[in-house]
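Written below as structure tokens is the structure these notes are about.
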Amino acid sequence: MAQIPFLGIKHHRKKRAAVQIPRKSFFWCSTLLLVCFAAFTFSSRGFHPWRPAATTALPGVKPIVPVIETVQFPDETVVFLKYPPSTPLFTKYDLYCLYLNPNSSQPPESVENDELLGQQLVRCPLIKPRGVLTSLSVKSTGYNLSIGPSRRWNSLAYEAMIDRDNTTIVFVKGFNLRGGKQSDASKFKCVYGWDVKNPKFVLQSDVVSIAQEVVRCNTPVSILNNPQRFVGTTSNMNQPIKVSVRMVGKEPLESIASPKRRLQLNLPGRKQHEMCVCTMLRNQASFLKEWIMYHTRIGVQRWFIYDNNSLDDIDDVIKLLSMDGNINVTRHVWPWIKTQEAGFAHCALRARDVCEWVGFMDVDEFFHLPTGMSLLDILRNQSRSSNSKVAELRVSCHNFGPSGLKHVPTQGVTMGYNCRMIAPERHKSIVKPEALNSTLINVVHHFHLKSEFRYANMDRNVLVINHYKYQVWDVFKEKFYRRVATYVSDWQQHRNVGSRDRAPGLGTRAVEPPDWSSRFCEVTDTGLKDRVAQMFTDPNTGKLPWQKSLT
């Protein structure tokens, strides 16, 4: 039998008759070779966004992985990469962001590891004018990672999970529904498929409920049986199914949401933790240590930190805190801007399996117990009370001002700020996640409960929140640049000027008033300051355990 010739292998010695190639075929073959050679030459000089990503590792080189999706935000582009669950592939120092116009490259702002979904998030800055992100370049190898289709953030299904009752919960941006209100579910449909825009290859299902940015769908049986497979076609079998939502008569939103995460069934018996806290933050690493250490001492047992695009060293702080055997804290990467209500709903679902009660609050808010009790004392007293239908504790907030300071207090916010406004404003809540309404409606301060449950207002002499809302100007001005709540206007926009979310009399410009340090000071309140000093001061050095991180 004649051997088939391969490179590097000796050919059969028998001579073969010359093969005559028609001139026309020879011409087109030659042309094709020239085009391929030109493409290779051009790509080897640095800019070749169409070259497919390498999928095998070279000796001593990190493996290259395909891009999942790309989302265009107002001030940056976020690229989602798959990576092995136990070993992240890249750091921000491994990659460049490549742009078409101008033809340039920039280092990414950050590369985040999302272990919950098994992916990395590469945040590339927006380049002007009209800088279009074309690919990511791996510095050590010169390989380019071809980016996927870019989705618009203002019209997107961005997260999804399957709940205990087999419904799919989808988090969406783009319908502009009213805050705190449930919308008409009959006007919407859910769609499942690899390409949710192609009506030939999607499954549709009814919407059970829709409110704010959270949609609950009836999940098709084929999706429940295997979320990776899809009835009707055998193509794209390696891609996860996506879910989206559409208004009746209109196209569905773009989607990067795959319902791969499935929540556990309701397990009988006592939850692992009595008291947990969910928060969403951005660039608050310097204040995190004090906030977590204090609340751990008064009874918080589990922390869910939703990081909304921080650029400081928050990951290092959380790792350091996690080394303390008494502190259980995890960070969840949450890149979605202006989605605090959706993020809290997402966190409530995650916390439901392990937490009896969950507090939803910010890093500048501190529970204060004037009687010296702990949070666990209050929750246990509530559980022992005759009214077991109370599933939400509403806690009033006292707003503190700069207290005469012009620089960040080195001893921490609880020790530095001691002057506040007389009247409390609003409240924050501690809730039982099992009692939340299935719509997951919340207005940051509280959730809607199932019909059989109710809330109770806490006595301010027993439990109150010290809200260090108006700190020194260098800290406070950061609120101008990113407000995380969906239904709260950015302060730079001339909207809802009279809202209580705004600083009274400040307007829409981040310009420090001459009297800022003395504002919002109507009564001196050192109750929490005195307790913190008693609980945490080192008798040998006179310092607090978080001071080093603030200097």
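Please treat every number below as a calculation from the coordinates, not as lab data. Predicted model only: the values in this text are computed from it and were never measured. Using ideal geometry, Cβ is built from the backbone for each residue, glycine included, and neighbour counts are taken over all protein chains shown.
Some observations on this one:
- Taking θ as phi - 60° and the Karplus parameters 6.51, -1.76 and 1.60, the scalar couplings of segment 278-284 work out to 10, 9, 10, 9, 8, 6, 10 Hz in sequence order, x denoting glycine and proline.
- Once C-alpha pairs closer than 8 Å and six or more residues apart are averaged by separation and normalised to the residue number of segment 387-436, the relative contact order reads 52 percent.
- Set of segment 293-324 residues, backbone N closer than 14 Å to the point 7 Å along the Cα-Cβ line of Phe73: 306-312
- FRET E, pair Ser383, Asn101, Förster distance 56 Å, beta-carbon r, rounded to 0.05: 0.35
- Short-range pairs are left out: with C-alpha atoms under 8 Å and at least six residues apart, the relative contact order of segment 292-343 is 45 percent.
- For Gly401, the amide hydrogen comes within under 5 Å of the amide hydrogens of Cys419, Arg420, Met421, counting only partners 5 or more places away or on other chains and with H modelled in the peptide plane.
- Spin-label model distance (nm) - Glu478 vs Gln264, 7 Å beyond Cα toward Cβ: 3.4 nm
- Segment 379-477, relative contact order [Cα under 8 Å, separation at least 6], %: 41 percent
- Cβ-Cβ distance of Asp312 and Asn461, R₀ of 30 Å, FRET efficiency by 1/(1 + (r/R0)^6): the value works out to about 0.20.
- Computed from phi, the 3J(HN,Hα) profile of segment 536-544 under the Karplus parametrisation 6.51, -1.76, 1.60 (θ = phi - 60°) reads 10, 5, 6, x, 8, 9, x, 9, 9 Hz, with x in place of Gly and Pro.
- Sorting the segments 526-532, 190-196 by their residues' average number of neighbouring beta-carbon atoms within 10 angstrom, most packed first, yields 190-196, 526-532.
- Cβ-Cβ FRET estimate between Ser374 and Gln182, R0 fixed at 56 Å, reported to 0.05: 0.95
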